[in-house]
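Participant: Structure incoming, see below.
The values are calculated or read from the model by the stated rules, or taken from the named source; none is laboratory data. The structure presented is a predicted model; accordingly, all values stated were derived computationally and were not measured. Heads up, the Cβs are rebuilt from the backbone with ideal geometry, glycines too, and the neighbour counts pull from every protein chain shown.
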C-alpha cells in the first residue's frame, strides 16, 4: 500500500477541480464567441432573415390594417385640433423611426469600427436610405400639420431645425457612400458621420424642453394623451417599426449580395 | 370616423397620401434592387445565364 500524505491528495484534487473550472469557462467563452460569429456570418444571417421575413411582413400588414382602422375610423377627433390630430398617427411614428434608425446606424458603425465586422457596415449602410425617407416624412407631415395649427408650414424653431439637421446628416451619410469608388474609404468616412451625428438625437429629443419652441412638448412620456388616441398611435408605431424591420433585413441581404458580386467581378478582372 | 367634410380634412388626406406614396416607393426600390441583384447573382453562378 502506498502511503500518500492527505495534504498532497487535497492539493491534487483542488488543482484538478480548478483545471476543470477553467476548461468549463473556456468552453463557455468559446461557445459565446462561436454563437456571435454564427449569427454574424452573412450566409447564416441571410438564412435567418429569410425565415423571419414572411412572418414580419404579415405582422406589419396586420398592424397597418388595424392601425389605419383605429387612426382614421375608430379614434375620436381632438376638441382643439379637430381632424388634424389624425396626422399625429403618421407623423410621430415617422419621427421616432428617423431617430431610432440614426441610433441604429451609429451603433452598427461603432461595431464595424471596433470589431471590423462587414455585416455591421452592411447594416449601417442599408439603414441610411430608410432613415432618410422616414426623416423626410416626419418633416413633411409635420409641415402639413403646422399649416392649419400654427398658420405656417415651417418655422426655424429648435425642434424643426434640429430635425432638419438630422435630415442633412442622413443626406451626407448617403452622399459619402456614393462619392467614393473605394468602399473602405467610404465606410470609414460614413462611420465618422454616423458616430458624430448621433449627438443630434438627444438634442432633438430634449429640444422642446431646453428651448422655447412652437412644437408641443412630449405627450407620451408624461402620459398626457388619452388612451383612445394612444392605442392607434402605438399600433401605427409598431406597424412602422415592423415595416422598417422587413425593409432593413431585405436591404442588408441586398448589400451582402452586392458585395459578393463586386468581389466576384474583381476576382474575374484579376484572373484575366 | 373621420369627417371628410371637416375644415382641415384635406391636410389629413395629404399627410396620409404622401406617407403612403413614399413608403410604397421605398418598398418598391428595395424589392426591385433585390430582384436585380438576384438576377445578376444567378448569371454569375456556374451554369447560370451568363455562362
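Participant: Please work out which one of (1) in a helix (DSSP H, G or I); (2) at pLDDT below 95; (3) under 28 Å from residue A:68 (Cβ atoms) is the condition residue A:178 fails and give its number.
Facilitator: So the condition that residue A:178 fails would be (3).
Participant: Let me ask you something else. Would you mind finding the one in B:27, B:37 that is at the interface with chain A (Cβ under 8 Å from one of its Cβ atoms), within 16 Å of residue A:243 (Cβ to Cβ) and either in contact with a helix residue (DSSP H, G or I) (Cβ under 7 Å, 6 or more places away or on another chain) or in a loop (DSSP other than H, G, I, E, B) (or both)?
Facilitator: Checking each option against the conditions leaves just B:27.
Participant: Keeping to segment A:126-137, report how many residues are touching a residue at least 40 places away in the same chain (Cβ under 8 Å), within 16 Å of the chain's Cα centre (by Cα) and within 10 Å of another protein chain (Cβ to nearest Cβ).
Facilitator: 5
Participant: Is it fair to say residue A:215 is assigned to a loop (DSSP other than H, G, I, E, B) and either surrounded by fewer than 20 Cβ atoms within 10 Å (Cβ to Cβ) or touching a residue at least 24 places away in the same chain (Cβ under 8 Å) (or both)?
Facilitator: Yes, satisfied.
Participant: Another question about this same structure. Would you check if there is a residue in segment A:192-209 being in a loop (DSSP other than H, G, I, E, B), free of Cβ contacts under 8 Å to residues at least 12 places away in the same chain and more than 14 Å from every other protein chain (Cβ to nearest Cβ)?
Facilitator: yes
Participant: In addition: Working carefully through the options A:228, A:237, A:264, find the one that is in contact with a helix residue (DSSP H, G or I) (Cβ under 9 Å, 6 or more places away or on another chain), in a helix (DSSP H, G or I) and facing chain B (nearest Cβ under 10 Å).
Facilitator: Selected residue: A:264, the only one of A:228, A:237, A:264 that is in contact with a helix residue (DSSP H, G or I) (Cβ under 9 Å, 6 or more places away or on another chain), in a helix (DSSP H, G or I) and facing chain B (nearest Cβ under 10 Å).
Participant: Of all residues in segment A:68-90, count the ones that are in contact with a helix residue (DSSP H, G or I) (Cβ under 7 Å, 6 or more places away or on another chain) and facing chain B (nearest Cβ under 7 Å).
Facilitator: 6
Participant: Are any residues in segment A:147-162 touching a residue at least 24 places away in the same chain (Cβ under 8 Å) and closer than 18 Å to residue B:8 by Cβ, and if so, which ones?
Facilitator: A:148, A:149, A:150
Participant: Say whether the condition of being within 18 Å of the chain's Cα centre (by Cα) and in contact (Cβ under 8 Å) with a residue 60 or more places away in the chain is met by at least one residue in segment A:62-82.
Facilitator: no
Participant: So the check is Cβ under 8 Å with 6+ separation or different chains; which pairs have a first residue in segment A:43-55 that's without any contact (Cβ under 8 Å) to a residue 60 or more places away in the chain and a second one that's surrounded by fewer than 13 Cβ atoms within 10 Å (Cβ to Cβ)?
Facilitator: Partner pairs satisfying both residue conditions: A:44/A:38; A:48/A:39.
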